[in-house]
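Have a look at the structure below, then the notes.
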Amino acid sequence: MIDSTQTLSDLRLLTRTGVSRTGVSRTSVSRASAFKSTLAIAVTAASLGMAAGANAATWKMALGDAAGGTQYELGKTFASLVEEKSGGDIKVDLFPNGQLGSEQDTVNNASMGLVDLSVVAINNLTPFSPTVGVLTLPYVIHGPDDAKALTQGKIGDELRENTLRDSGIRILGWAYSGCRRLTNSKQAVASPADLEGMVIRVPKNEIMISSYQSWGVNPNPLAWSETFTALQQGVVDGQDNPYITIDAMKFYEVQNHVTDSCYVFSMEPLIMGEGTFQSLSEENQQLVLAAGEEATSHSYDYLLATEDSIKKSLVEEHGMTITQPANDEQEWIAKASSIWPDFYASIGGRDKLVEVLETLGRDPSTAP
């Protein structure tokens, strides 16, 4: 019999390595390699009954963001579709604001079958499956059309297979949240030089940390659950997130300025542990796959329909000031793109980035 307590301990141990400021490839790859050696145990454990309600009438879905954001919209849509397609036999309860743990914790727990479903920022899945980091390389994705082309085409299929292989996690769908916009409480920021002296919160993700370092900033990689309080108390001066998240998290209460930048396009995969998925009947497997696909399409349409009005609301109702990056963001792009080669090993090589750029109809020679 599988010792579920020991198995959970083993998997949690894998994430205690933390994130090295200088070794993303080493940390991420070693973590992914460790997951490969424990994946069989995790899948078996879930199949033997560790799944938290895999065949029960009610499943739990973890969300890192608050209600009102794109994570919640994706989850709500998926839940409605699952209930409809199952004739009411399956219900999905949503737990926003990290109630079921941090996003990286829920990746762990989903792989173990201890959480049925979770929606996590792509940067929080990257440590477990490093090749998805190609989606967070700065200035690779320029907008929702690029995001859709990559996640719903050949590249997306390959990344789903890699994630399943590396971490025992099945991606069922995607939330599209929009470009990550820099906010701060100090002053208008148009160029990297304007960031001098500021402390900016970033996720615990080496690619995003390195992006800010390329702009001359020493970023503070804080947990998502600590971000609002850190902004409120002045521990950090700014952060970056899409307009929809800025609004949902009420960052306008503690931030005055927004830079209309787009160094990373924020996406959140909807995930289920493979052990949990395999414990479902074939009919229910097809049901959740179909619901994930439909919820993904809805998320894309939802972003296009709401982002402009939310941006307008942040200015007119909440008093935020929006600044355009100087010179069409060219200085930001040049500095941040210089870090691409540092991550070739973790994303699958330079050829993988070239394939991504070609998929997006861009000049592959821009990859150094």
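Looking at the square roots a ≥ b ≥ c of the eigenvalues of the Cα gyration tensor of the stretch 235-329, which shape do they give, rounded for a/c under 1.5, prolate if a/b is larger than b/c, or oblate? Write down the numbers at each step before the final one.
On the way: a/c = 2.76, a/b = 2.45, b/c = 1.12.
Since a/c reaches 1.5 and a/b is larger than b/c, the shape of the stretch 235-329 is classed as prolate.
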Problem set entry | Dipole magnitude (debye, nearest 20) for the stretch 96-202, charges at Cβ of Lys, Arg, Asp, Glu | 140 debye
For this session: With r as the distance between the Cβ atoms of I322 and E196 and R0 = 22 Å, compute the FRET efficiency 1/(1 + (r/R0)^6) and round to 0.05.
Result: 0.60
Problem set entry | Accessible area of the stretch 304-368 belonging to carbon and sulfur atoms, whole % at 1.4 Å probe | 48 percent
For this session: Using R₀ = 41 Å, calculate the FRET efficiency as 1/(1 + (r/R₀)^6) where r is the Cβ-Cβ separation of S297 and N218; round to 0.05.
Result: 0.50
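Quick one: of K148/K312; K204/K250; K311/K352; K91/K352; K85/K312, which pairs are farther than 29 Å apart, Cα to Cα? If you can, show how the numbers build up before the last one.
On the way: K148/K312 24 Å; K204/K250 21 Å; K311/K352 34 Å; K91/K352 39 Å; K85/K312 37 Å.
Too far apart for the 29 Å limit: K311/K352; K91/K352; K85/K312.
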Exercise. If you build the Cα gyration tensor of the stretch 282-368 and take the root of 5 times each eigenvalue, what three semi-axes come out, in whole angstrom, biggest first?
Worked result: 30, 29, 11
Problem set entry | the stretch 231-292 - accessible surface per residue (Å², probe 1.4 Å) | 29 Å²
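If a/c stays under 1.5 just call it rounded; otherwise compare a/b with b/c (prolate if a/b is bigger, oblate if not). Do that for the stretch 210-368, with a ≥ b ≥ c from the square roots of the Cα gyration tensor eigenvalues. Don't skip to the answer; put the middle values down first.
On the way: a/c = 1.71, a/b = 1.18, b/c = 1.45.
Oblate, because a/c is 1.5 or more while a/b does not exceed b/c.
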Seminar exercise, completed: Taking only the Cα positions of the stretch 176-277, the convex hull volume per residue in Å³ is 109 Å³
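In the stretch 127-212, carbon and sulfur make up what percent of the accessible area (probe 1.4 Å)?
So the carbon and sulfur contribution to the accessible surface is 45 percent.
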Problem set entry | Within the stretch 128-148: backbone nitrogen closer than 18 Å to the Q330 label point (7 Å, Cα to C-beta) | 139
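Taking a ≥ b ≥ c as the square roots of the eigenvalues of the Cα gyration tensor of the stretch 119-229, is the shape rounded (a/c under 1.5), prolate (a/b larger than b/c) or oblate? Display every interim value, and only then the final one.
Values: a/c = 2.27, a/b = 1.81, b/c = 1.26.
Taking the square roots of the gyration eigenvalues as a ≥ b ≥ c, the stretch 119-229 is prolate.
Work out, step by step, the length gained on full extension between D363 and A290: first 0.36 nm times the residue separation, then minus their alpha carbon distance; give nm to one decimal.
Length gained between D363 and A290: 22.8 nm.
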Problem set entry | Estimated inter-spin distance, S281 and D145, nm [label 7 Å along Cα→Cβ] | 4.4 nm
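The values are calculated or read from the model by the stated rules, or taken from the named source; none is laboratory data. In this text, all values refer to a predicted model and were calculated from it rather than measured experimentally. Note that we place each Cβ from the backbone using ideal geometry, even for glycine, and neighbour counts take in every protein chain shown. Side chains are part of the model used for accessible areas, which takes the heavy atoms of the whole protein and leaves out ligands, DNA and RNA. Shrake-Rupley method; radii C 1.70, N 1.55, O 1.52, S 1.80 Å.
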